[in-house]
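Novice: There's a structure below that I have some questions on.
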Amino acid sequence: MRTSWRTASLVATAAAVLALTTACGQDNGGTSAAGAQNVGATTAAGDYGNPGSGTATGAANGYGADGNKSSASPAAPAGKLTVAANPNLGNVLTDGSGLTLYRFDKDTANPPQSNCSGTCATTWPPVPADDASAGAGVDKSLLGEVTRPDGTKQLTIGGWPAYRYAKDASAGDVNGQGVNGTWFALAPDGKKAKLSDLPGLSVRKDPKLGDVVVDKNGMTVYRFLKDKAWPKSVSNCTGACLEKWPAVAPVKTEDTQGVKKKGLMGFTRPDGVKQMTVNCWPIYTFSGDKAPGDTNGQGVGGTWYAVSPDGKPVGAPGN
């Protein structure tokens with residue numbers, strides 16, 4: 001008799017969990033189709049970019065308008081390498097002066113080889129290997145060197161030759177990120193520091209709003225107060241509203257970081273669009289946000305608010 005009571009209790013509990021999951025949404029585990037987004041300078045043509053204008057020279061020889069292939073001026077020492085937290089790119093590698101270090105897609109890491117010389121090396125000065133040392137957060141074993149055609153030793157990180165960018169004037173600048181789709185800030189492990197490295201959903205600390213959820217591109221995620229979460233997820237943003245507030249596509253639960261797992265799933269809208277939820281509330285981005293970290297959608301119409309890690313609308317009345 002006691003065994004039957006326990007069995008019935010377990011069945012009832014399982015049914016309740018199933019009902020809760022079904023009511024909150026479906027299609028959990030969908031994959032986001034959002035693409036990576038580059039941050040920083042871009043150029044119209046060529047491979048290297050011109051620090052004077054922000055556009056490539058476009059010369060046929062690929063080294064610059066004057067075709068000069070002479071070696072670049074001696075670069076400043078690397079010093080102690082450190083890790084800097086960039087709000088758009090995450091952790092990036094910097095030299096002893098705080099300047100961002102970059103890698104070039106046309107180089108190779110195994111074996112290490114630099115394919116940037118002449119005018120390219122003027123725009124992207126190679127980082128000397130002589131005095132480079134590993135600071136906090138940098139794995140000393142990843143530091144190496146490669147001999148350039150002029151006989152100088154260039155620092156490598158995880159095999160990738162390291163460079164600075166001539167348009168970075170101050171510590172923390174990342175103007176070289178994404179130039180021509182071939183130049184990227186270095187992550188501490190030698191990989192590219194780029195937005196696609198962010199999880200599908202994660203948490204960013206906003207200076208005014210506190211912890212808010214962002215998508216894989218670092219864009220702020222919002223909630224619409226006219227939506228519903230129970231007994232099932234319902235979006236009341238349709239048509240022109242959905243153009244202004246694009247639905248966040250479903251992401252896998254394991255592709256999230258810092259976001260409360262309860263009610264973290266996708267559902268299919270009546271219009272067929274698949275949308276992600278946080279605590280069963282549909283989430284969106286805002287077309288008025290142009291760069292990671294923007295919160296231009298906060299408080300719009302008194303109905304749109306950034307989302308906290310537990311799914312609550314940040315700064316909304318009564319929250």
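Novice: For K228 and D211, calculate 0.36 nm times their separation in residues minus their Cα-Cα distance, and state this gained length in nm to one decimal.
Specialist: Extra length available between K228 and D211 comes to 3.9 nm.
Novice: I would also like to ask the following. For D139 and N319, calculate 0.36 nm times their separation in residues minus their Cα-Cα distance, and state this gained length in nm to one decimal.
Specialist: Details: separation 180, 0.36 × 180 = 64.80 nm, distance 4.33 nm.
Using 0.36 nm per residue and subtracting the Cα-Cα distance, I get 60.5 nm.
Novice: Related question: Can you pull the Rg over Rh of the range 111-250, Cα-only, Kirkwood? Could you put the intermediate results ahead of the total?
Specialist: Numbers: Rg = 21.5 Å, Rh = 18.7 Å.
Using only Cα positions, Rg/Rh for the range 111-250 is 1.15.
Novice: In whole Hz and in residue order, list the ³J(HN,Hα) couplings for the range 176-182 that follow from phi through the Karplus curve 6.51 cos²θ - 1.76 cosθ + 1.60, θ = phi - 60°; x for Gly and Pro.
Specialist: Each residue of the range 176-182 in turn: x, 5, x, 4, 6, x, 10 Hz.
Novice: Additional query: Determine the principal axes of the Cα atoms in the range 169-319, then give the extent along each, sorted from largest to smallest and rounded to whole angstroms.
Specialist: 51, 28, 28 Å, listed from the longest principal axis down.
Novice: Going highest first, how would you order 230-238, 84-92 by mean Cβ packing within 10 Å?
Specialist: Put in order of decreasing packing, that is 84-92, 230-238.
Novice: Between R269 and K191, what's the calculated FRET efficiency when r is the beta-carbon distance and R0 is 45 Å? Round to 0.05.
Specialist: Step by step, r from the Cβ atoms, then E = 0.80.
Novice: If the viscosity is 1.306 mPa s and the temperature 10 °C, what Stokes-Einstein diffusion coefficient in µm²/s follows for the range 196-285 when Rh is the Kirkwood radius over Cα pairs?
Specialist: Roughly 120 µm²/s, to the nearest whole number.
Values in this text are rule-based calculations from the coordinates and carry no lab data. As the structure is a computational prediction, the values presented were derived from the model and not from experiment. In this analysis, Cβ positions are derived from the backbone assuming ideal geometry, glycine residues included, and neighbour counts consider all displayed protein chains.
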